[in-house]
1. Hey, any hits in segment C:226-243 for a residue that's of a type in the set (Ser, Thr, Tyr), more than 17 Å from the chain's Cα centre (by Cα), farther than 26 Å from residue C:103 by Cβ and open to solvent by less than 60 Å² (accessible area, probe 1.4 Å)?
2. Inside segment A:34-59, can you point out the residues that are among the β-branched types (Val, Ile, Thr) and crowded, with 23+ Cβ neighbours inside 10 Å?
3. Report those strands (runs of 3 or more DSSP E) wholly inside segment C:182-289 carrying at least 2 residues which are over 19 Å from residue C:26 (Cβ atoms) and touching a residue at least 40 places away in the same chain (Cβ under 8 Å).
4. Answer yes or no: is there a residue in segment C:20-39 that is touching a strand residue (DSSP E or B) at 6+ places or on another chain (Cβ under 7 Å), within 14 Å of another protein chain (Cβ to nearest Cβ) and on the phi < 0 side of the Ramachandran plot.
5. With respect to residue C:99, is the statement that it is in the same structural domain as residue C:16 (by TED's automatic domain parsing), in contact (Cβ under 8 Å) with a residue 40 or more places away in the chain, open to solvent by less than 10 Å² (accessible area, probe 1.4 Å) and within 24 Å of residue C:196 (Cα to Cα) true?
6. Hey, any hits in segment D:87-102 for a residue that's more than 30 Å from residue B:231 (Cβ to Cβ), away from chain C (no Cβ under 14 Å) and over 18 Å from the mean Cα position of the chain (by Cα)?
7. Of the conditions (1) out of contact with any Pro (no Cβ under 8 Å at 6 or more places or on another chain); (2) within 7 Å of another protein chain (Cβ to nearest Cβ), residue D:169 clears all except one; give me its number.
8. Does any residue of segment A:68-75 turn out to be within 26 Å of residue A:229 (Cβ to Cβ) and either within 14 Å of chain D (Cβ to nearest Cβ) or more than 21 Å from the chain's Cα centre (by Cα) (or both)?
Amino acid sequence: MQLKSWLARVAVPLGLILAGVAVAVYFVENPGGAMAARVLSYPKVIRLINEHLLMVVVSSSLAIAAAVPLGILISRPALRVLGIIIENIINVAQTVPSLAVLALFMTILGLGFKTAVFALWLYSLLPILRNTYAGIKSVPPDVIEAARGMGMTPLRILTRIELPLAYPIVMAGIRTAVVVNVGTATLASFIGAGGLGMMIISGISVSRPTLVLCGALLSAIMAILFDNVLGQVENYLLDRG
Amino acid sequence: MLSKKGSLFWLALVVAAVMLLAVGCGGGSDTAEKSGDESGGEGEPVIKEWVFAADHEFSVRPDGLPELEKVYGFEFDRVEVMDLGVTYGALKDGLVPVAMGFATDGRIGAFGLVNLEDDKHFFPVYNPAPVVRKEVLDKYPEIKDILGAIGPKLDTETMIELNGKVDIDGMEPKEVARQFLLEQGLIDEEKEEQTKGPVVVGSKEFTEQLILGAMSVLALEDAGFKVTDNTGLGGTEMARNALESGEIDTYWEYTGTAWLVALGHEKPITDSEEAFQKVSEEDLAKNNLVWLSYAKFDNTYTLMMRKDDAEKLGIKTISDLARMINESKK
Amino acid sequence: MIKLENVTKVFANQETPAVKNLNLHIKKGEVCVLVGPSGCGKTTTMKMINRLVEPTEGTVYIDGKDTSTVNPIELRLNIGYVIQEIGLFPHLTIAENVATVPREKKWPAERIRQRVEELLNLVGLDPQVYGNRKPADLSGGQRQRVGVARAMAADPPILLMDEPFGAVDPITRAKLQNEFLRIQEQMQKTIVFVTHDIDEAIKMGDKIAVMRKGELVQYSTPEELLSAPANDFVAKLVGKNRSIKRLHLIRVDRVLGSNHNVPVVKKNTPVRKLEELVDGSEIGAVLVVDERDRLLGLASAVDIREAGGGVAGDIYQPLPNTIGVGATLSDALSVMLNYGEGYVAVVDKANQLTGIITLGFLLGLVKEDAA
Amino acid sequence: MDFWSFVNSRWDKIFALTIEHGVLILTAMAAAIVVGVVVGVLITYYNPAAHAVLYICQILMTVPSLAMLGLLIPLLGIGFWTGVVGLILYSLLPIVRNTYTGIREIDPAILEAARGMGMNERTILLKIKLPLALPVIMAGIRTATVMVVGIGAIASYVGAGGLGEFIFRGISRYNKDMILTGAICVSVLAIAADLILKLVEKKASFR
């Protein structure tokens, strides 16, 4: 029973990883021309996947680590005005296209991986921050009132009432941010940060659909994988209370 | 359980705050930390890692990087792939010691960079010429003279200057093109009535192409054509596909590029006139495309280094570079 | 009017039929209540009448016409339909809601407008006030009224009502029920009414069809149902205090007839004649009405004897203890108790005497059940 | 001040590209609304198809926009229409999903009442279902539009024109002012679209 549910949990991510490997192997074995073969070699594909993963994982985890506490902070009643201001700033900032964010930081911070990570971090900060704030704000005031009436301290109210209730919304923000992040990271290759975007952009610029397709499939699989894993983390934490 | 979670949460908060700070500073220090190619202590420049900046197209083209490394017999430690045009900045800012560029780019001079001589004549010739669909030319034979007049007036120095006006001085490509055509007397100030056409003009998406495209647009407009400006289409294949499918009627293509990429030949041609003859013959026969007079300048690929680096290390040619890299690996 | 013949419905993916070989005949102008526990097939039966559910077997006739030969849209346009959830269209105004079917029938705008006004007035909603409001602005009871008005908009001869008062509070429900009875008195529609509430069934129905597991258990008048339940199931459904329930639920107009011995005279009847009559009266008095049968009062034996001559119109005394036709037997009982008299006169809206209920009769009813 | 002089010297170009961007978005959204609403309506009639369609749309969303546009080039060539098709594909999910849920979430009593009163399916769809689902559908359209304005910047890479040209040229020339101009124009366009559609959404709401 235990084993079965464990298997069920692992089956989908494992399947996705296998699909990713299958895609990579297929395209490396069938690159569709010498030009595409220059990118579609095992070491190169592995390197690009690694770069992409690294970019996404680093920027996303730092974004989560920064945005969730910040979201909690600005949702405190004492910082109500600040919260509203930041919420509005986020709403405006989210309309700036990701490409422009990358490009702007390129001109400020220079080219390369770190710039890309910084831009991706900043860009995925927004949805997580917004959802954390919105999630906590969505807790009905009477629930908090009741908790306060029962003599709970503000900290206990936060950890036992607000955070558990806001949790699904926060997780939704995180999942959106990560999935978007995987896609945005493909643009990082414009500023010399590598990743699967290198495959896609090269494919577009020399008209080799296999390259584009391979990059598209790998990054889509990566996005779905992250989404699935985060979904399972969400359920797991939810089960444990 | 829950109280444990509570303390865990505070721990996470602290960790996060530290991380936030770290990222903030890390991001800031990005420019400062150049990829290990700064001068050593005794004024002798030591390049620890031979990183090469290339755009996506160059990194995979048959006449691009892989073949170059084969011919000169060396290999870069790492290749950073980035958008075309960003390579000059990357080199100038010291992010890479060597970068790929185009021989006529205005930034070479302005950024204090030098071209390394292609002593093994690896790069084929890349003289640009207006390519026009034959149907269009049959309908408007005068286009041959209008667009054909531009190329012979463009030599390498002129083109570097024109490119520099856009990339360094920040002028619009169209304005640069207009100035040049006016100076050369190829167009006049008067506004013509646009009675013929429309003709769709395309170009690839980089400075020189934008200027050349703008020249075509202006010259045709001056001759009374209604012109649809479709310049800035992206890479080679994109512009080429657009031309072959009739989405655009003309754009400036480079002889070497057409020979290798569009016509699919493996062996590059290194003589300008020969390349032009062969390409125009084959393109007419195969694709019904007509090549008009080509420009004097040869915008071939080039490898660039920072001038002071190159001087200190005594690198003048690509062979010098290959030797230096191979030595560093020993 | 409506006839169900050997109707059976088996839903896909279900083994037991929802409705089994049902036969039902509903006469014109009758309120037929389908009652039974949830899942007994009452709603399914009703929906087969307007073909929202198609019978698996058997035939439904309306006015002798097999409904399966009629276009269902056509059919439904001529059958009013009210459901518990009401289903008012929240994006349309009250007036637009009521106008739905007339619009589908392409009535001219002016006629629709008049009809909507008439109906809103009928259900007690001022068209000026409520016509342009949205359903969300109305209370539950008001919405239910709109639902009824909407169902009657195109004046359909038949009305199907699926627990129409199920979702409102008891006080509002009683009010709506009474109003509905009043409207029905005017409209005389043929109504199929579904409820799981036996009390409501007894109050509303001319006929009650008790259903259980898709089958018709008993089909009779409320009185019969209370006095002679067909089996244990019905008896249980009706409940233990059937007699008390009868008092509470049975409307006085249902039991009026030759159940009493109280003479009624016109006001110009000579007193002399009254003397003979009053002797045979159960209550020791005669009732006096005017030439149009409107109740004037009563003349007791004492009054008659003392008068000696003249006509009934000269000697009667006004009668304070009357009740309306819609009242229940228990209403009648409480009036009797209040006035300390053993009878109560029943009058209709126009104050015309329709009958009289006596204490003896009520006792008889209760005794009947106890036996 | 550099930035302002840059903007000042290029008003015509900024205007032209903003219009181009707007036309790109409008074309894509017009088509996406038609396709999305039709698909969303159709799948309410057949549940298994609904799950499949929504899942496909969701997968489409995970494909990086750059890759999606790139994959369309072999099929459609480069240019405006490639951008339009790419943007349509991206805007489908919110529109289809919201149309579907908007209709599915209508109180079944309302539909039963409509059916019971003798309205035919076409009338029910046009007069009851779509008007009732309209606020939800509009919300989907708003989400899609704001998103697509941003993705539209990437569509320049495949020759669809628009404000992305500022950004791409800005990258090539290392020109911050140019990138900033593009970014700000796209943002303003997105915010404007958001505000306008919010207004429409409010109008569409019947409560």
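1. Among the residues of segment C:226-243, at least one is of a type in the set (Ser, Thr, Tyr), more than 17 Å from the chain's Cα centre (by Cα), farther than 26 Å from residue C:103 by Cβ and open to solvent by less than 60 Å² (accessible area, probe 1.4 Å), which makes the answer yes.
2. A:39, A:56
3. C:264-266, C:285-289
4. Scanning segment C:20-39, I find no residue that is touching a strand residue (DSSP E or B) at 6+ places or on another chain (Cβ under 7 Å), within 14 Å of another protein chain (Cβ to nearest Cβ) and on the phi < 0 side of the Ramachandran plot, so the answer is no.
5. Judged against the criteria, residue C:99 is not a match.
6. No, there is no match, as no residue in segment D:87-102 is more than 30 Å from residue B:231 (Cβ to Cβ), away from chain C (no Cβ under 14 Å) and over 18 Å from the mean Cα position of the chain (by Cα).
7. Among (1) out of contact with any Pro (no Cβ under 8 Å at 6 or more places or on another chain); (2) within 7 Å of another protein chain (Cβ to nearest Cβ), the lone unmet condition for residue D:169 is (2).
8. no
The values are calculated or read from the model by the stated rules, or taken from the named source; none is laboratory data. Every value quoted in this text rests on a predicted model; they were computed, and no experiment measured them. Every residue, glycine as well, gets a Cβ built from its backbone with ideal geometry; the counts of neighbours run over all protein chains shown. Note: areas computed on protein heavy atoms with side chains; ligands, DNA, RNA excluded. Shrake-Rupley method; radii C 1.70, N 1.55, O 1.52, S 1.80 Å.
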